[in-house]
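*Asks:* Could you have a look at this structure, given as structure tokens, before my questions?
The values are calculated or read from the model by the stated rules, or taken from the named source; none is laboratory data. As the structure is a computational prediction, the values presented were derived from the model and not from experiment. Reconstructed Cβ throughout: ideal geometry from the backbone, glycine too, with neighbour counts over all protein chains shown. Each accessible area value is taken on the protein alone, full model and side chains, heavy atoms only, with ligands, DNA and RNA left out. Shrake-Rupley method; radii C 1.70, N 1.55, O 1.52, S 1.80 Å.
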Amino acid sequence: MDRHLDQCCAFSGQVCRWIVNAGHNVSDLASDFVTLWAIRRGRRAPSPEFPWGHGRAETLGTFTVSGMLLGGAALFAFHSGGQLAELIPTTNTAVHLPGWMPHHHHHVSGIPLDGWALALAAAGWSVKEALYLATAHLGKKLNSQVLMSNAWHHRSDAWGSAVALAGIGGAMAGFPVADPIGGIIVSTMIARVGWHMAVSSARDLCDASVDETVRESLKQAAHDALVDSYYSSSLRISSVRARQSGPYILAEINVSATRAPTDGDARLPLHVVEVIREKVRAVPHVRDVVVVFKP
Ligand SMILES: [Zn+2]
């Protein structure tokens, strides 16, 4: 989204473009910085001060970066809306815009309609898309939501360049609306991704449960541990609670007795606890397993 602020226009087009670029670079840097901080902090070992580990730092980073993504999408949409309003044909040459709409007067004619502009937009697109692919690949490998959200920031920049490309091409072909229409479509797509990530990280911050399939596989793993043991008929897995802490899953397995103890002493043998923990830890991304016995 290179052009989101170029309606600032007490300045000439060129100065304006400089300001917009500088602003965008600062926001890119901030997003990268938040991501780096969240990744480093989020993967530290648990400490007395943070006994459950620092995974939530990544969640906080995801929430912040997706907020920036949403903000960028909003600015982009706002800008495209202003452009579109400007292009709406009127009988008079004076276009009446509501006072709050961004407006600038040399956008279409201000684009240098030459090969350089096209090449630059195409290069911007491919570089940013490559950055998206590399970051997303790493994000999947490390199970890192914050890397995924930063990857989407790169992709949103890539799409911004694609819109610029479409805008230049459109203007050359006599369809100046290609730019604002493309901008509105792209900003909507980016906003969807940003919204999804913001909601999911906010849910994790509020201790929402992991999704049903993950919870089922945790329960299954715990169940398997019991089935293999001597206690398969006297103990059962009564419930499972689990939440996401950045890249990690923190799980609690509740075990209960299937019948009243005959010797009057209901307990959970230690080695059974160990087997349950081991099996549940084998489920991908599980970090911490607590086994609770409720006779
Ligand atoms: Zn950016």
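*Asks:* If I filter segment 124-135 down to residues being within 15 Å of the ligand (Cβ to nearest atom) and of a type in the set (A, V, I, L, M), which single residue comes out as nearest to the chain's Cα centre (by Cα)?
*Replies:* L131
*Asks:* Here is a further query. Kindly evaluate D224 against the criterion of being touching a residue at least 24 places away in the same chain (Cβ under 8 Å) and open to solvent by 30 Å² or more (accessible area, probe 1.4 Å).
*Replies:* Criteria met by D224.
*Asks:* Which condition number in (1) over 14 Å from P176 (Cβ atoms); (2) modelled with pLDDT of 50 or more is the one that S80 fails?
*Replies:* Condition not satisfied by S80: (1).
*Asks:* Conditions: (1) among the polar types (S, T, N, Q); (2) more than 20 Å from V146 (Cα to Cα); (3) at pLDDT 90 or above; (4) in contact with a helix residue (DSSP H, G or I) (Cβ under 7 Å, 6 or more places away or on another chain). S31 meets all but one. Number of the miss?
*Replies:* The number of the failed condition is (2).
*Asks:* Residues A121, A151, A136, A130: which one is outside the structural domain of E278 (by TED's automatic domain parsing), modelled with pLDDT of 95 or more and in contact with a Ser or Thr (Cβ under 8 Å, 6 or more places away or on another chain)?
*Replies:* The conditions single out A151.
*Asks:* Which of the residues that make up segment 159-208 are part of a helix (DSSP H, G or I) and β-branched (V, I, T)? Even if it seems obvious, please write down each step before you answer.
*Replies:* Of segment 159-208, the ones part of a helix (DSSP H, G or I) are 159-172, 178-205.
Passing the criteria: V163, I168, I181, I184, I185, V186, T188, I190, V193, V199.
*Asks:* Six or more apart or on different chains, Cβ under 7 Å: which pairs go from a residue in segment 118-130 that's in a helix (DSSP H, G or I) to one that's modelled with pLDDT under 90 and of a type in the set (A, V, I, L, M, F, W, C)? Could you list them?
*Replies:* L118/L165; L118/I168; A121/A164; A121/L165; A121/I168; A122/L165; W125/L165
*Asks:* Oh, and also: Can you tell me which condition E252 does not meet? The list is (1) surrounded by 14 or more Cβ atoms within 10 Å (Cβ to Cβ); (2) in a loop (DSSP other than H, G, I, E, B), and all the others hold.
*Replies:* Here E252 clears every test but (2).
*Asks:* Got a number for residues in segment 154-199 being within 30 Å of R243 (Cβ to Cβ), crowded, with 19+ Cβ neighbours inside 10 Å, away from the ligand (no atom under 15 Å from the Cβ) and without any contact (Cβ under 8 Å) to a residue 60 or more places away in the chain?
*Replies:* Looking only at that region, the number is 0.
*Asks:* Looking only at segment 128-147, how many residues end up being surrounded by fewer than 23 Cβ atoms within 10 Å (Cβ to Cβ) and closer than 26 Å to P284 by Cβ?
*Replies:* The number of residues fulfilling the criteria is 12.
*Asks:* Mind listing just one residue for me: the one in segment 28-56 that is outside any helix (DSSP H, G or I) and touching a residue at least 40 places away in the same chain (Cβ under 8 Å) and, of those, surrounded by the fewest Cβ atoms within 10 Å (Cβ to Cβ)?
*Replies:* Ranking the qualifying residues of segment 28-56, first place goes to W52.
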